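Participant: Got a structure here, written out as structure tokens. Questions coming.
The values are calculated or read from the model by the stated rules, or taken from the named source; none is laboratory data. Remember, it's a predicted structure, so these values are computed and weren't measured experimentally. When we count neighbours, we look across all protein chains shown, and the Cβ atoms used for this are built from the backbone with ideal geometry, even at glycine. Note: areas computed on protein heavy atoms with side chains; ligands, DNA, RNA excluded. Shrake-Rupley method; radii C 1.70, N 1.55, O 1.52, S 1.80 Å.
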Amino acid sequence: MDLHGLDLQTGWNAYRKATSECYDKKRNNLKIITGQGEMQKEFLQWVENDPFAVDAKNIDNNKGAWTVTIKKMDKDSGPDLQILFTKFKKIGQ
């Protein structure tokens, strides 16, 4: 995912959406390009504050490219299906 050239807020929002989607789809890693500006300087803080990320490492010693390790989904966690069951039960009545 290329975040290079985005402002910090837009970059953060796109990053968080991507890590959430990776978590939901049970993907292990996400490659991120931040460039070597302000976003690169803040990126490790983003990873620390992201509930879906475990850590991040630079790709081939490139300070503006990262591989983010995504947390594994707990076996017990998943979508709350009770909401859907309730809606469908009402529709079927």
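Participant: Please state which of the following conditions Glu38 fails to meet, knowing it meets all the rest: (1) in contact with a helix residue (DSSP H, G or I) (Cβ under 8 Å, 6 or more places away or on another chain); (2) closer than 23 Å to Lys71 by Cβ.
Facilitator: (2)
Participant: If you take the residues in segment 25-35 that are in contact (Cβ under 8 Å) with a residue 24 or more places away in the chain, of a type outside the set (Val, Ile, Thr) and closer than 17 Å to Lys71 by Cβ, which one is surrounded by the fewest Cβ atoms within 10 Å (Cβ to Cβ)?
Facilitator: In the first step, residues of segment 25-35 are kept if they are in contact (Cβ under 8 Å) with a residue 24 or more places away in the chain; the result is 26-35.
Pick out the ones that are also of a type outside the set (Val, Ile, Thr) and you get 26-31, 35.
Now drop any that are not closer than 17 Å to Lys71 by Cβ, which leaves 26-31.
Numbers: Lys26: 9, Arg27: 12, Asn28: 12, Asn29: 14, Leu30: 20, Lys31: 11.
Within segment 25-35, the match that is surrounded by the fewest Cβ atoms within 10 Å (Cβ to Cβ) is Lys26.
Participant: Taking into account only those residues within segment 49-65 that are among the acidic types (Asp, Glu) and not in a strand (DSSP E or B), which is most open to solvent (accessible area, probe 1.4 Å)?
Facilitator: Step one: list which residues in segment 49-65 are among the acidic types (Asp, Glu), which gives 50, 55, 60.
Those still in the list that are not in a strand (DSSP E or B) too: 50, 60.
On the way: Asp50: 5, Asp60: 141 Å².
Looking at the filtered set, the residue picked out is Asp60.
Participant: Got at least one residue in segment 40-48 being more than 15 Å from the chain's Cα centre (by Cα) and surrounded by fewer than 17 Cβ atoms within 10 Å (Cβ to Cβ)? Outline the logic, then answer.
Facilitator: First pass over segment 40-48, keeping only residues more than 15 Å from the chain's Cα centre (by Cα): 40-42.
With surrounded by fewer than 17 Cβ atoms within 10 Å (Cβ to Cβ) added as a condition, the list becomes 41-42.
Yes, because at least one residue in segment 40-48 is more than 15 Å from the chain's Cα centre (by Cα) and surrounded by fewer than 17 Cβ atoms within 10 Å (Cβ to Cβ).
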